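The values are calculated or read from the model by the stated rules, or taken from the named source; none is laboratory data. Please read all numbers here as calculations on a predicted model, not as lab measurements. Positions of Cβ are backbone-derived with ideal geometry, glycine not excepted, and every protein chain shown enters the neighbour counts.
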Amino acid sequence: MGDMFDIARPSHTARQAVEAADKIFAERETKRRGKRQPAVSAANGLEWVTLLRKVADAQDTDAFTALFEHFAPRVKAFLIKSGADHAMAEECAQDVMVTVWKKAAQFDPSRASVATWIFTIARNRRIDMLRRDRRPEPEDLSWGPDEEPDQLDILSLQQESDQLAAAIAQLPHKQRVMIERAYFGDLTHSEIADETGLPLGTIKSRIRLALERLRHSLS
Amino acid sequence: MINHHLSDKLLMAYSAGSLPEAFNLAVATHIALCDECRARLASFDALGGVILEEASAPDVSMESSALSATLERVKTGKPTPRARQTAPQDALLPAPLRDYVGDPSHIRWRSLGGGAKQMILATTEQATARLLLIPAGTKVPDHSHGGLELTLVLQGAFADEHDRFGRGDIEIADESTHHQPIAEPGEDCICLAVTDAPLRFRGLLPRLAQPFLGI
Ligand SMILES: [Zn+2]
């Protein structure tokens with residue numbers, strides 16, 4: 001997969017970058033035809049970012065409705081697969097979507113896709129719901145109210161997230177089942193493989209760069 | 001410069017939310033000190049995002065009133081605006097640990113003999129977390145490990161036959177690890193030590209001391 005989106009930083013405006021990203025998405029979509037479809041369609045990552053930003057900036061209920069219709073049933077299914085009954089999963093999925101609204105401005109699209117961010121909210125809600133062990137977290141690092149993450153960091157991270165979804169869809173069945181069991185809370189630490197062999201190196205590097213820029217802005 | 005990091009399986013289990021509390025604390029504390037592992041964790045969270053996307057099941061849908069009920073709950077409130085981090089960094093205790101220890105200038109140490117001290121932190125029972133103070137230049141009792149043990153250095157450094165561990169470094173030890181770490185001269189070594197099984201000391205004196213360790 002590699003770096004399909006290496007645009008020289010200074011010579012491109014954000015708009016050119018968006019156009020370039022659209023072109024790449026379109027090309028990838030063409031290439032993919034005939035191959036097995038990944039669960040996430042290619043351009044989704046950026047679309048969800050745009051919608052979530054409308055919620056944060058303008059309390060846009062249409063944007064929120066689109067997010068709700070896509071993610072709420074997935075959160076509910078995720079909670080059921082993690083051991084909740086239907087009524088509890090329904091209630092908690094609504095709670096998760098309320099948190100999505102409230103925390104929309106905290107979302108940093110240079111470090112996570114919207115699906116990833118909602119996953120972390122759902123995971124934390126699940127820990128409360130099932131009275132699992134408390135899970136302390138490192139202090140959150142975030143941009144101040146007056147700065148924004150770099151546009152190219154956002155585009156590359158969202159694209160990397162879409163590529164990760166495609167790469168996971170290509171993994172052998174056995175390995176995918178192992179990952180699902182781990183994330184539905186079925187595997188203990190000692191049951192997880194020592195060498196997971198997962199294609200996480202590229203997205204990690206992107207996040208690392210975005211973190212460096214954030215640290216720089218904080219100092 | 002941190003040289004000893006979390007394992008993939010610890011990061012994955014932390015991302016999935018399936019670790020005992022004491023291990024969660026050690027992972028969170030290392031990440032507070034290590035941006036490399038912060039980025040690695042974010043990549044495991046991204047994997048969780050992929051799993052969430054795929055979690056849709058044909059027989060699972062939200063109740064018909066769900067959207068309107070949710071909109072009703074949010075309509076009164078604006079999303080919380082972003083704020084700059086202002087929490088001061090503590091020289092010894094990163095944020096996740098501070099919640100468990102309290103005031104870093106008044107750590108409630110209990111003597112272990114020989115100048116060593118500990119403070120047990122309140123977590124669920126499956127694993128134990130404690131702060132350990134090993135006086136500069138002294139040996140940590142020779143011990144083997146019954147289960148998984150994480151040792152995260154917060155101050156000073158220790159070294160064993162193979163490696164040196166300074167602030168932020170985390171040692172991951174298991175049944176196969178037998179070692180005799182020594183705190184470096186200079187500064188007392190303070191660590192967060194987390195284990196899911198009692199330590200088994202191999203020397204006579206440390207065995208006598210074991211009842212006082214409270215583990
Ligand atoms: Zn690390």
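For every residue, the table says whether it meets (1) over 30 Å from residue A:146 (Cα atoms); (2) more than 8 Å from chain A (Cβ to nearest Cβ).
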site: B:63; (1), (2): yes, no
site: B:73; (1), (2): no, no
site: B:83; (1), (2): no, no
site: B:96; (1), (2): no, no
site: B:102; (1), (2): yes, yes
site: B:106; (1), (2): yes, yes
site: B:109; (1), (2): yes, yes
Checklist entry - Which residues, taken from the range B:11-24, are touching a helix residue (DSSP H, G or I) at 6+ places or on another chain (Cβ under 6 Å) and of a type in the set (A, V, I, L, M)? => result B:11, B:12, B:13, B:16, B:19
Item to check | Residues that are under 18 Å from residue A:203 (Cβ atoms), outside any loop (DSSP other than H, G, I, E, B) and more than 11 Å from every other protein chain (Cβ to nearest Cβ), drawn from the range A:159-190 | outcome: A:159, A:175
Item to check | Enumeration of residues in the range B:166-194 that are away from chain A (no Cβ under 14 Å), within 16 Å of the ligand (Cβ to nearest atom) and not in a strand (DSSP E or B) | outcome: B:166, B:167, B:169
Checklist entry - What number of residues in the range B:76-123 are in a helix (DSSP H, G or I) and surrounded by 13 or more Cβ atoms within 10 Å (Cβ to Cβ)? => result 8
Checklist entry - List pairs: first in the range A:123-149 and more than 7 Å from chain B (Cβ to nearest Cβ) and more than 21 Å from residue B:22 (Cβ to Cβ), second in a loop (DSSP other than H, G, I, E, B) and not hydroxyl-bearing (Ser, Thr, Tyr), Cβ under 7 Å, 6+ apart or cross-chain? => result A:129/A:84; A:149/A:108; A:149/A:109; A:149/A:143
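Look at residue B:82 and say whether it is touching a residue at least 24 places away in the same chain (Cβ under 8 Å), farther than 22 Å from residue B:33 by Cβ and either outside the structural domain of residue B:21 (by TED's automatic domain parsing) or in contact with a Gly (Cβ under 7 Å, 6 or more places away or on another chain) (or both).
Against the criterion (touching a residue at least 24 places away in the same chain (Cβ under 8 Å), farther than 22 Å from residue B:33 by Cβ and either outside the structural domain of residue B:21 (by TED's automatic domain parsing) or in contact with a Gly (Cβ under 7 Å, 6 or more places away or on another chain) (or both)), residue B:82 does not qualify.
A quick yes/no check of all residues on (1) β-branched (Val, Ile, Thr); (2) not assigned by TED's automatic domain parsing to the domain that holds residue B:24:
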| residue | (1), (2) |
| --- | --- |
| B:95 | no, no |
| B:125 | no, yes |
| B:129 | no, yes |
| B:133 | no, yes |
| B:148 | no, yes |
| B:165 | no, yes |
| B:185 | no, yes |
| B:190 | yes, yes |
Checklist outcome for this item: When the range A:199-219 is checked residue by residue, the ones that are in contact (Cβ under 8 Å) with a residue 24 or more places away in the chain and either at the interface with chain B (Cβ under 9 Å from one of its Cβ atoms) or in contact with a Leu (Cβ under 9 Å, 6 or more places away or on another chain) (or both) are A:199, A:200, A:202, A:203, A:206, A:207, A:209, A:210, A:211, A:214, A:215, A:218
Item to check | Conditions (1) free of Cβ contacts under 8 Å to residues at least 60 places away in the same chain; (2) within 16 Å of residue A:47 (Cα to Cα); (3) hydrophobic (A, V, I, L, M, F, W, C); (4) facing chain B (nearest Cβ under 7 Å); number of the one not met by residue A:107 | outcome: (4)
Item to check | Residues of the range A:96-116 that turn out to be in a helix (DSSP H, G or I) and surrounded by 23 or more Cβ atoms within 10 Å (Cβ to Cβ), as a count | outcome: 8
Item to check | the range B:1-37: number of residues that are crowded, with 21+ Cβ neighbours inside 10 Å, at the interface with chain A (Cβ under 8 Å from one of its Cβ atoms) and near the ligand (Cβ under 10 Å from one of its atoms) | outcome: 1
